[in-house]
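Below is one structure; the comments refer to it alone.
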Amino acid sequence: MKAVNLKVKNTQIPVIFESSKALPVVYLKLIFKVAGSCEDSKKSGLANLIAKILNEGTISEGASGFAKELEMRAINMYASAGFETINIELNCLKEYFGFATKKLQELLSEPNLTDEILNKLKKLTLGEILSNENDYDYVAKSALNELLYPKTALANQITGTKESIEKINLEDIKNFLKTHLDLANLFVVFGGDVAIDELNLDHILTNLDSGKKRIQDKLKTSEKMSEKFIIKPSEQAYVYFGAPFEVDIEDRFKARVATFILGEGGFGSRLMEEIRVKRGLAYSAYARAGFAPSYSQIAGYLQTKNENKDNAIAVVKSEFERFVKKGVNSHELTQAKKFLLGSEPLRQETLLNRLNIAQNEFYNGLRLGHFKEELDKISKLKLSELNEFITAHTEITKLSFAVLYNEI
């Protein structure tokens, strides 16, 4: 695995690359930073619509014609939008890599920007929004984001709202594509049965503007310990909770161990033991850390009977308080180490997994190989060091709750 820079229009494009001859396949991914729904501005759902349009082929061939060309050669090309990025992925057999990159270049040069396609996708998105209103997990999770990140882009739904989608026009799409799918904010992940010199970025990216580097805003996770209760005709209560978790990059290996013990380790984790095993309040309960350029948090979820929601919330609060106050014991640390050191290396078995790890390392400003370094640090982590870390992070007790339930 290595990182190299390839020059396109006087812009250095970082490329994460690994050659592997295990299978005659090639994987290519374009990641445009600060281009996801964080950039929607007042028209939420815009980045999501952009990704959908990029899955509609080119003007010349149309959606079905473009898709047929790919399907005939078993080429998979797919665009997606997250909160921070827009991504375009390509998978194919080595023998069709040249053809696949030609089609990718065509897609970037002339995406299917027509009113007909836009109106079709807007109708589909409006249907998705309507469907989400009856997805109680989605509703509760969205409500939690509104509590943790009020009046920010992260409080908005990535699909947008009925009002915002109806306002988006073809000019909005064209402007967003021109200003956000640019070279200055792009990095590439590339691997498979290929050499680095087989990647002709000059050809693929010929129609993209150079652009200017954008900076990802870091959002502050709310400490207000807010609560929101939503009444729906649900047979169960959906309890989502979250709090700030500000951890320096070099200490995140400690956060991995701590959150594994608290709520990410399944059976044996504190939350699972207290909520399911001892009290039978839920089938499962978890809490995990989330670190990204735009936010830093710990968040979790459980589902329980409507009449048990208050008790379950009280147990979560109590366990977080106890965790920060008393830390963990040597047995818990030993078990966490066994699992993390035994299972995490399995993630590196396939090329795609290794490329995903390297992508995350690069994207978060870490050295390539940081994942392996973390495992070594975990193996040497002492109980006193972990407990010192845990007791220093009192902010995780400042929990906000979004609860969807039915009145009894």
Per-region count, the stretch 1-16, residues of a type in the set (A, V, I, L, M, F, W, C) and touching a Pro at 6+ places or on another chain (Cβ under 7 Å): 1
Within the group 363, 301, which residue is within 21 Å of the chain's Cα centre (by Cα) and under 23 Å from residue 394 (Cα atoms)? 301
Name every residue in the stretch 267-289 that is touching a residue at least 12 places away in the same chain (Cβ under 8 Å) and either in a helix (DSSP H, G or I) or small (Gly, Ala, Ser) (or both), in order of residue number. 268, 269, 270, 271, 272, 274, 275, 282, 284, 285, 287, 289
It is to be established whether one or more residues within the stretch 98-113 are free of Cβ contacts under 8 Å to residues at least 40 places away in the same chain and either of a type in the set (Gly, Ala, Ser) or farther than 30 Å from residue 208 by Cα (or both). yes
Kindly list the number of the only condition in (1) under 25 Å from residue 311 (Cβ atoms); (2) touching a Leu at 6+ places or on another chain (Cβ under 7 Å) that fails for residue 257. (1)
Between a residue in the stretch 396-407 that is farther than 17 Å from residue 220 by Cα and in contact (Cβ under 8 Å) with a residue 12 or more places away in the chain and any residue that is surrounded by 23 or more Cβ atoms within 10 Å (Cβ to Cβ) and β-branched (Val, Ile, Thr), which pairs come within a Cβ distance under 6 Å, given they are 6 or more apart or on different chains? 403/239
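When you scan the stretch 108-120, do you find a residue that is under 22 Å from the mean Cα position of the chain (by Cα), among the hydrophobic types (A, V, I, L, M, F, W, C) and at pLDDT 95 or above, even just one?
no
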Scanning the stretch 235-266 for residues that are small (Gly, Ala, Ser) and modelled with pLDDT of 95 or more, the one farthest from the chain's Cα centre (by Cα) turns out to be 237
Somewhere in the stretch 294-315, is a residue part of a strand (DSSP E or B), touching a strand residue (DSSP E or B) at 6+ places or on another chain (Cβ under 7 Å) and surrounded by fewer than 19 Cβ atoms within 10 Å (Cβ to Cβ)? yes
Neighbours by Cβ (under 7 Å, 6+ apart or cross-chain): first from the stretch 44-57, farther than 13 Å from residue 172 by Cβ; second of a type in the set (Gly, Ala, Ser) and part of a helix (DSSP H, G or I): 56/63; 57/63; 57/65; 57/67
Given (1) modelled with pLDDT under 95; (2) within 22 Å of the chain's Cα centre (by Cα), index of the condition residue 45 fails: (1)
Residues satisfying the stated conditions in the stretch 375-408, i.e. modelled with pLDDT under 95 and within 16 Å of residue 259 (Cα to Cα): 375
Note on the stretch 258-293: residues surrounded by 21 or more Cβ atoms within 10 Å (Cβ to Cβ), touching a Phe, Trp or Tyr at 6+ places or on another chain (Cβ under 9 Å) and β-branched (Val, Ile, Thr) are 259, 261
Looking at (1) free of Cβ contacts under 8 Å to residues at least 60 places away in the same chain; (2) in contact with a Phe, Trp or Tyr (Cβ under 8 Å, 6 or more places away or on another chain); (3) surrounded by fewer than 15 Cβ atoms within 10 Å (Cβ to Cβ), find the lone condition where residue 357 falls short. (3)
Qualifying residue in the stretch 155-164 (condition: surrounded by 15 or more Cβ atoms within 10 Å (Cβ to Cβ), touching a Phe, Trp or Tyr at 6+ places or on another chain (Cβ under 8 Å) and in contact (Cβ under 8 Å) with a residue 24 or more places away in the chain): yes
Can you tell which of 50, 86, 117 is β-branched (Val, Ile, Thr), in the same structural domain as residue 145 (by TED's automatic domain parsing), crowded, with 21+ Cβ neighbours inside 10 Å and more than 17 Å from residue 189 (Cα to Cα)? 50
Test of understanding: among 346, 340, which residue is modelled with pLDDT under 95, among the hydrophobic types (A, V, I, L, M, F, W, C) and buried (at least 18 other Cβ atoms within 10 Å of the Cβ)? 340
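On the given criteria, is residue 35 under 17 Å from the mean Cα position of the chain (by Cα) and either closer than 21 Å to residue 111 by Cα or among the hydrophobic types (A, V, I, L, M, F, W, C) (or both)? Show your work before the answer.
Working: under 17 Å from the mean Cα position of the chain (by Cα): yes; either closer than 21 Å to residue 111 by Cα or among the hydrophobic types (A, V, I, L, M, F, W, C) (or both): yes.
Yes: the conditions hold for residue 35.
The values are calculated or read from the model by the stated rules, or taken from the named source; none is laboratory data. Computed from a prediction, not measured in an experiment: that's the story for all the values here. Positions of Cβ are generated from backbone atoms using ideal geometry, with glycine treated the same way; all protein chains shown enter the neighbour counts.
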